[in-house]
Each structure stands twice: as C-alpha cells, then as structure tokens.
Amino acid sequence: MGLRLDLLSLFTTLALLSTTTTIVLSDVILSKVDRRIDLTSQIVRLTSKLKVENAGPGPVSEILLTFPEVQAKDLAYLTAALNEGKGKVRNSGSSLPINVVNPEGMPPSLTCHSISLPKALAEGDSLTIDVLAVFTHALRPFPEEITQADIQLVLFQDTAHYLSPYAVNVQSLTVKLPKARIETYTKLENTNVHGSDIKYGPYQNLPPFSYAPVAVHFETNQPFAVAQELVREIEISHWGNVQVTEHYNIVHGGAKSKGEFSRLDFQARPHLRGASAFRNLVAKLPPRAHSIYYRDEIGNISTSNIWGDPKKTELLIEPRYPLFGGWRTTFTIGYGLPLQDFLFESEGKRFINFSFGSPINDLVIDNIIVKVVLPEGSNDIFTSTPFPAKQGQETKISHLDVVGRPVVVLEKTNVVPEHNQYFQVYYRFSSLSMLREPFMLISGFFFIFVACIVYMHVDMSISKTSASYLAKMQWDEVRATIQQVQSVINQCLYTHEKLEASLRDLSRTGDVQACKTARKTADSLLNEYSKELKPLLSFLQSSPQATQILPKVEELVAKERELQERLIAKHSTIVDCYEKKIGGRELENRVASQQQKVVVLKQEVEDLLDYIEEI
C-alpha cells in the first residue's frame, strides 16, 4: 500500500509540473544529458553528466537541480564537479558549491538545489558538469515480507526523462541492476535491455519539466545493512596513540522475515534458504591499525578475521547469527592507530585529520555521532567539516584527570559511504601539560612511600600515662598473679597425691618409717607453698582490678588448706593404727569420715580452679 501511495505521489507531482512549463528561469539549455542509476546495492547512486549551454544574452552563474519531494526526502549526498572532457573531472581541490534554494514560481512539491559556477557562463559558451546524487531507503521491498526460502524483490521508481527546469536537447538513462533477473519494468519508446542494464532513450527535444515515470521491480540479495545509530569515539593521546571505539546498532533494512527460521536449512543451503540474509560485514581500517577487537554485550566474538597490506587493514565482521529482514544486532569494534599518521601542526595549532563516516562497506547510517576526545588542557578548539553537521562540546572524565578532557561532538543523519571524508579538529595544547600525569603518578608513589616510612618509625601504641593503658597494665598484673596462685595450688595438689601414695605403699609393705619420712617431706613442701601464697594474696587484696575475682581466689586457698588438714589427719590416723597393730574393719571405721570429707574437698578445689581458669 505504501508503494502505491509513493507512485501516486510521484505521478501527482509530475502532473502538476505540466502547468509550470511556461516558467523560464534563464536561457540555459541542456544540450546533452547522460544519466546512470546504479542499483547494485541498497544505496542508489544517480550519476548525471550535464552539458550546459547559455543561449541567452546575459551571463549565467548558477545551475538548478530539481528533485521531486518523494526523492528529496531520501537524498543523502549531492555533489557536482566540472568535467574537462574525455572522462576527466577537473580537480580544483573541492566540489562546486551547492545550496538549497526556493526560486519564485517553483512548485512546492519540488526541492531545488543551486550549483554555483566558478565563473559566469557567457553567451554562447558551454561546460559539462558531473553530478552525483546518492539516495538511501529508495529501494522499497515488494513484497514487504518474505519467508526464509524466498528471494528478495525490490521496487525502484524514477522518471526516464531528466526532470529539470531547462529544456533538454538529447537525454538518455541507463539503469544498472545487480542481476539480470527482472520481474517487471516500465517499457517506453526506445527501451532496451542488455543483461542487467536497462537503457531508456535517447530522447530528443524535451521541454522543461518533462517527465516519463518508470518503475523497475527486480531481484537483489545484497546486504541491506542499516545502522540506526553509530557512535564513534576517537580518543587522542599525545603519548603516541589514537584509540577508536565504534558502537553499532544495525538492522537488516530489507524485506522483513516471516515464518520460522531453520538453522539446519540455512547451514545446508544458505544460497537457497537464506539468500536475502547477510552473514558478515567488511570494515576497511587504516593500514597501521592494531589492537583490534570485536565484541558485543555478551563478550568477545571470535568469528572475525583480519588481513592487511601496506595500504589497508580489512576486518571481516561476522555476527553471532545471520541477519534476515527486520532482524537487528549490536556490537562494538575498537582499534588503535599511530598518532603521527593523523596529528599535524599548522600556524601554532595542532589539528587531528580523521575520516568521518564508518569504515564498513555500503553501510547506511540513520544517525551518526562522532566524538573526538582531546587531551586534558586543550583549548581554542575549532572544527572544520566538508559538509554540514551539528556540532557541540562536552567533557569526559577519565583516569588521572583533574578537570576532564574536552570532547568535540559531531552529529549527522542519513550518512552514506560518500560522507567518509576527512574532517579536522584544531586546538592548542602545551607540551608541559603532558608532564601532568607522570608528575601525579610520581607524587602519588612518593607520598605512599613516605607514609610507609612514617608508619614503620612512629610508635602507634596507646600512651603509657593514659587511664586505659594503666588499667590494662594492672589487669595484666592481676592475671599474672592469679596464674601464679593457680600454679602453687596445683603444686599443693601434687604434694597431696604424693602423701596419699605413701599410705598406699604402707598398706602394701607395712613400712611405717618410710611413710613417716614422706609425711615430713610433704609438711616441708606445703609450708613453703603457704609462704608463696601470702604475698600473692596480699597483692590481689590491694589491687582494685581483682575485686571481682578475689573472693573466688580466697575461697580456693581456704579449701586447699582444709583439704590439706584433712589429709594430714587421715595420714596420722592410719600410721598410728599400723604402729598399734590395728587393722581391718576398725581401721576403716576410723578413717571413713575423714575420707569422705577429702573427696568432697578435692572436687570443690577442682571446680574453683576451672571457674577461675574461665575468668
């Protein structure tokens, strides 16, 4: 439905021109017009060779080019240059200036562009101009949806007659197609088909605004790769490197895919079950590109190849899956370049000379944003572009930056490979600013080393005169004293064990004298241990830090003394019985009460030792 409306709009536009044939802008005559439309890719390139003659009395300084509104909205690039004949284009360093104009009396459904001649064309003189017009989205898929097994057919519309406000003496048109397979095409007088070329004309003596609408419906399976957005970041480092990062959001702009996709069929017969899809793109990078990478949101993509020669470096980009109509993918490519190939100096200023568009072949870009990140400290920034582009500036904060790096932002819509021309960014930059980052690194490491030296030589402990430090020292002394008390008590318990061992030996051997000797030794040791405990208890009693634990320590000492007394009494009773030859049941009766008390006291002493140990 959309294609029919476009055709109707084009026919309506041309019909309106029939009422304007009386408009005479000048006495210019196009004595010969040769047009060639290249439809071998998704980008339509219209090349026109115009031989212009001035048949009037006055000089002519400009030539008008007209495009119908339905074509003008798809016009991406327009250039004109003088032709010296024999196929040679005069190289004057730049193309002829072209501006959009609105002449009086021109229908509003036409868009006019004015070519300014380098010098006025005098009466009777002639010259030849080569015009190149590039259109995007001018090939409309028809049908708009296809299956995996279908081929892609597109429709192109134009006029066989050169649409111009000037009379044309002789005109011809050649339409170049990618293949010889043509579904349908408009047949006019003098129409011939030679292989993949359709030739209309020559047509003679055409009045101004003459028209002859034609439509060509043909097969094309060329990649319809459209970057809906491309963000290029070119980061300049005066340490010798230019880092380029490009973020792509690409969609297949051809006939949309419908139905199911079979990977098996595609792998087995890709030319039949996926003819309209594209599996790879080729990017032509500068010859000394290095550190090249290709990745997406998931990570690095290994399905890519690089090869190069002294003139170029080519990167074959293969997405993770083939792209059919309407499918999209996003990815990022990046690479480094030597600074000396792109940075130059002129009149005290430095300038970067870099290409504007994408390095990918035959890529249509709906919107491109080019960011040139200059070194921190750059100033007096000026940008020169070979075509109009929206300009702006922002700031980027990166590593070791203080105020940030100035960023020149260029933005343009409807970009084609012809826009891949060099632009320049001029700026001033002091060489001393390059020492800023090394100085920051050296200073940072210096302060780290100084801090380490200070840390190693400064006493970071708490002051010995502070209350917390004194309390900690007092508690350490209390803890050490309690450990000494525990040690003495354990020695007393060991002596008790020795004393009870002598009684067991007595019952076995009957040697009373040996038992008395063990008693004397134990008494001597226990007296010494008692003397050792006195100063320790005195210290604990005088220390405020031992207030909570002192009762338990005193109880421990008291229980040990009571245990000691019970053991000595038991020992004396048994020895006395052996001397008096008393044994058996009577001996057991005499020591039974004492033995029970000894067992209880031992358990209490052990419990107190465990309690103090936990504290």
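The values are calculated or read from the model by the stated rules, or taken from the named source; none is laboratory data. Because the structure is predicted, anything quoted here is derived from the model rather than measured. Cβ coordinates were reconstructed from backbone atoms using ideal geometry, including for glycine residues, and neighbour counts include every protein chain displayed. With ligands, DNA and RNA removed, areas are computed over all heavy atoms of the protein, side chains included. Shrake-Rupley method; radii C 1.70, N 1.55, O 1.52, S 1.80 Å.
List of remarks:
- Residue pairs meeting the criteria (Cβ under 8 Å; at least 6 apart or on separate chains; first in contact (Cβ under 8 Å) with a residue 60 or more places away in the chain and part of a helix (DSSP H, G or I), in segment 592-612; second open to solvent by 60 Å² or more (accessible area, probe 1.4 Å) and of a type outside the set (A, V, I, L, M)): Leu609/Asn490; Ile612/Lys552
- Residue that is farthest from Gly326 (Cα to Cα), among those in segment 242-263 that are outside any strand (DSSP E or B) and open to solvent by less than 80 Å² (accessible area, probe 1.4 Å): Ser262
- When restricted to residues that are more than 47 Å from the chain's Cα centre (by Cα) and surrounded by fewer than 16 Cβ atoms within 10 Å (Cβ to Cβ), segment 109-125 contains 7.
- Qualifying positions in segment 291-304 - open to solvent by less than 90 Å² (accessible area, probe 1.4 Å), over 17 Å from Ile360 (Cα atoms) and not in a loop (DSSP other than H, G, I, E, B): Ser291
- Condition check for Leu337: surrounded by fewer than 16 Cβ atoms within 10 Å (Cβ to Cβ), touching a residue at least 12 places away in the same chain (Cβ under 8 Å) and part of a strand (DSSP E or B): no
- Residue in segment 128-136 that is out of contact with any Leu (no Cβ under 8 Å at 6 or more places or on another chain), assigned to a loop (DSSP other than H, G, I, E, B) and surrounded by fewer than 16 Cβ atoms within 10 Å (Cβ to Cβ) present: no
- Scanning segment 199-209 for residues that are part of a strand (DSSP E or B) and of a type outside the set (S, T, N, Q), we see that the one that is most open to solvent (accessible area, probe 1.4 Å) is Lys199.
- Test: residue in segment 569-584 that is part of a loop (DSSP other than H, G, I, E, B), under 27 Å from Met473 (Cα atoms) and either small (Gly, Ala, Ser) or in contact with a Phe, Trp or Tyr (Cβ under 7 Å, 6 or more places away or on another chain) (or both): no
- Sole residue being surrounded by fewer than 13 Cβ atoms within 10 Å (Cβ to Cβ) and either of a type in the set (Lys, Arg) or in a loop (DSSP other than H, G, I, E, B) (or both), chosen from Trp239, Trp307: Trp239
- Test: Thr66 is closer than 25 Å to Val364 by Cα and either in a helix (DSSP H, G or I) or in contact (Cβ under 8 Å) with a residue 12 or more places away in the chain (or both): yes
- Gly325 being over 22 Å from the mean Cα position of the chain (by Cα), open to solvent by less than 20 Å² (accessible area, probe 1.4 Å) and of a type in the set (Gly, Ala, Ser): yes
- Here Pro223 qualifies as open to solvent by 20 Å² or more (accessible area, probe 1.4 Å), outside any strand (DSSP E or B), over 27 Å from Leu65 (Cβ atoms) and out of contact with any Cys (no Cβ under 6 Å at 6 or more places or on another chain).
- A residue that is buried (at least 17 other Cβ atoms within 10 Å of the Cβ) and closer than 10 Å to Val425 by Cβ occurs nowhere in segment 355-365.
- Residue pairs meeting the criteria (Cβ under 7 Å; at least 6 apart or on separate chains; first open to solvent by 30 Å² or more (accessible area, probe 1.4 Å), in segment 149-178; second in a loop (DSSP other than H, G, I, E, B) and among the basic types (Lys, Arg)): Ala149/Arg273
- Cβ-Cβ contacts under 9 Å between residues 6 or more apart (or on different chains), taken from a first residue in segment 292-308 that is free of Cβ contacts under 8 Å to residues at least 12 places away in the same chain to a second residue that is of a type in the set (S, T, N, Q) and open to solvent by less than 60 Å² (accessible area, probe 1.4 Å), are listed as Trp307/Thr313.
- Here Lys349 does not qualify as open to solvent by less than 70 Å² (accessible area, probe 1.4 Å) and modelled with pLDDT of 95 or more.
- Check on Phe266, more than 25 Å from the chain's Cα centre (by Cα) and open to solvent by less than 10 Å² (accessible area, probe 1.4 Å): yes
Let's see how each residue does on (1) among the hydroxyl-bearing types (Ser, Thr, Tyr); (2) not in a strand (DSSP E or B):
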site	(1), (2)
Asn169	no, no
Thr174	yes, no
Ala180	no, yes
Glu189	no, yes
Tyr211	yes, yes
Val214	no, no
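- Residues in segment 508-531 that are free of Cβ contacts under 8 Å to residues at least 24 places away in the same chain, under 25 Å from Lys580 (Cβ atoms) and assigned to a helix (DSSP H, G or I): Arg508, Thr509, Gln513, Ala514, Thr517, Ala518, Lys520, Thr521.
- Figure legend. Inter-residue proximity from segment 349-371: first residues farther than 8 Å from Pro417 by Cα, second residues of a type in the set (A, V, I, L, M, F, W, C) and not in a strand (DSSP E or B), beta-carbon distance below 7 Å, spacing 6+ or different chains. Indicated pairs: Arg350/Phe429; Ile352/Phe342; Asn353/Phe342; Phe354/Phe342; Val370/Phe356.
- Cross-chain or 6+ apart pairs with Cβ under 7 Å, segment 474-499 first and on the phi < 0 side of the Ramachandran plot and in contact (Cβ under 8 Å) with a residue 12 or more places away in the chain, then not in a helix (DSSP H, G or I) and not aliphatic (A, V, I, L, M): Gln474/Ser543; Val478/Ser543
- Within segment 537-549, considering residues that are among the hydroxyl-bearing types (Ser, Thr, Tyr) and either under 16 Å from Asn490 (Cβ atoms) or open to solvent by 70 Å² or more (accessible area, probe 1.4 Å) (or both), the one nearest to the chain's Cα centre (by Cα): Thr547
- Among the residues examined, Lys552 qualifies as surrounded by fewer than 16 Cβ atoms within 10 Å (Cβ to Cβ), of a type in the set (D, E, K, R), part of a helix (DSSP H, G or I) and touching a residue at least 60 places away in the same chain (Cβ under 8 Å).
- Yes/no for Glu562 being assigned to a helix (DSSP H, G or I) and exposed (fewer than 12 other Cβ atoms within 10 Å of the Cβ): no
- Screening Val591 against (1) touching a Ser or Thr at 6+ places or on another chain (Cβ under 6 Å); (2) open to solvent by 30 Å² or more (accessible area, probe 1.4 Å) leaves a single unmet condition, (2).
- Of residues in segment 372-407 being in contact with a Leu (Cβ under 8 Å, 6 or more places away or on another chain) and closer than 24 Å to Ile250 by Cβ, the one surrounded by the fewest Cβ atoms within 10 Å (Cβ to Cβ): Lys390
- Checked against the criterion of being closer than 19 Å to Gln595 by Cα, exposed (fewer than 15 other Cβ atoms within 10 Å of the Cβ) and not acidic (Asp, Glu), the candidates Lys498, Lys534 yield just one match: Lys498.
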